[in-house]
Amino acid sequence: MPTYHYECSNPDCPTGGQFTLHQSMKDDALTKCPECGSPVERIIGPAYVSSPKSDSDLRDKGFAKLVRRDKGVYENVTALDHESRYWDANKPGTMPDLSKRISD
Ligand SMILES: [Zn+2]
């Protein structure tokens with residue numbers, strides 16, 4: 001089961017602001033923090049990399065950060081030049097090119 005990395009929007013969150021969760025690929029992304037109920041963002045990429053802060057840090061470290069904008073639509077705030085900035089779950093061509101990030 002893959003490990004997903006989440007970032008909680010609450011600076012005083014008991015999780016310390018970031019946590020990981022084992023989820024099935026079929027499960028929906030968590031939208032609320034299990035500890036404090038604040039909105040969370042799921043970060044796709046290798047877990048347990050030292051906590052990068054800004055979106056450009058995330059991109060440089062090979063993360064793809066997706067922010068949910070609508071039902072099934074995510075903005076890839078770390079989009080690379082050739083990637084679509086919006087990932088619509090109904091349009092496979094807009095999916096971030098994760099294989100490029102995770103290689104090596
Ligand atoms: Zn929280």
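Before moving on, here are some points about what is shown:
- Full extension of the chain between Asp12 and Asp88 gives 24.2 nm of extra length, using 0.36 nm per residue less the Cα-Cα distance.
- Amide hydrogen neighbours beyond the local backbone of Tyr6, cut-off 5 Å, H modeled: Phe19, Thr20, Leu21, Ile43
- Applied to the range 83-95, the Karplus parametrisation 6.51 cos²θ - 1.76 cosθ + 1.60 on θ = phi - 60° returns per-residue 3J(HN,Hα) values of 8, 6, 6, 10, 9, 9, 4, 8, 10, x, x, 8, 5 Hz, with x for Gly and Pro.
- Other residues lying with their Cβ under 15 Å from the Cβ of Cys36 contribute a combined charge of -3, Lys and Arg counting +1, Asp and Glu -1.
- Mean-position separation - Cα centroids, the range 27-44 and the range 5-26, in angstrom: 6
Here, each number is a calculation from the coordinates, and none is a lab measurement. What you see is a predicted model, and the numbers here were worked out from it, not measured in a lab. Positions of Cβ are backbone-derived with ideal geometry, glycine not excepted, and every protein chain shown enters the neighbour counts.
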